[in-house]
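Let me begin by presenting the structure, written as structure tokens, before commenting on it.
Every read-out reported here was derived from the displayed coordinates using simple, explicitly stated rules and does not represent laboratory data. Fair warning: this is a prediction, and the values are worked out from it, not measured in the lab. Positions of Cβ are generated from backbone atoms using ideal geometry, with glycine treated the same way; all protein chains shown enter the neighbour counts.
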């Protein structure tokens, strides 16, 4: 093939790459939604009076946070079918990403809840606020403000981690790039392009999250 670069291959396949980018964002959004559900539920069980629930939650967190994501997704995709549970690649990717993100979300959300001192809630009630107002004005917004940077960082990390899901043939940007590279043998052009595309997605997400942060979670200024 020689060393001459030829990006016309990438240009011709750009619709497929853009469609793969949408697949990446779709996987990230679905898995982050699952991770938030797991995170909220995990905070409840982590603080439960039942030692069984507390122990199970802690064990889940330690298991996920101390094993490679690649091993986790391989277990779901290759090992579970031997127990009679077969999942398609996209569902496997969402569950694996959701479980992985959920383990981190539990600790992130728990830290945000614990950052609100009980005295603030009691003070709000003493001022005559309804419990709904106390929750919305005193608990919810400060807690979200505290955890927002970590949650958005986790979302961007999940977006980038979707590339590993190509190992089980889930539809996303890297899997599309691998197909194009195997057809054209233009490794540099293809992977250089998707590197820029991942950078662009991360930058767009960070910019969007920053706008939301300034709009809803910034402290008032004089």
Hull surface divided by four, with the convex hull built on the Cα atoms of segment 79-143: how many nm²? 6.5
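Kirkwood-based Rg over Rh for segment 18-217 (C-alpha set), two decimals? Working shown, then result.
Numbers: Rg = 20.0 Å, Rh = 18.8 Å.
Rg/Rh: 1.06.
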Degrees, to the nearest 10: 51-65 long Cα axis against longest axis of the chain: 30
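According to the square roots a ≥ b ≥ c of the eigenvalues of the Cα gyration tensor, what is the shape class of segment 170-222, taking rounded for a/c under 1.5, prolate for a/b larger than b/c otherwise, and oblate for the remainder?
Numbers: a/c = 9.05, a/b = 3.63, b/c = 2.49.
It comes out prolate by the Cα gyration axes.
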Helix 173-184 versus the longest principal axis of the chain: what is the Cα-based angle in degrees, 0 to 90, to the nearest 10? 10
If we sort 144-156, 71-83 on the protection proxy, mean other Cβ atoms within 10 Å, highest first, what's the order? 144-156, 71-83
Taking Cα atoms, the helix 14-46 axis meets the longest principal axis of the chain at an angle in degrees (rounded to 10) of 30
Ratio to report: Rg/Rh of segment 115-215, with Cα atoms as the point set and Rh obtained by the Kirkwood method; give two decimals. 1.28
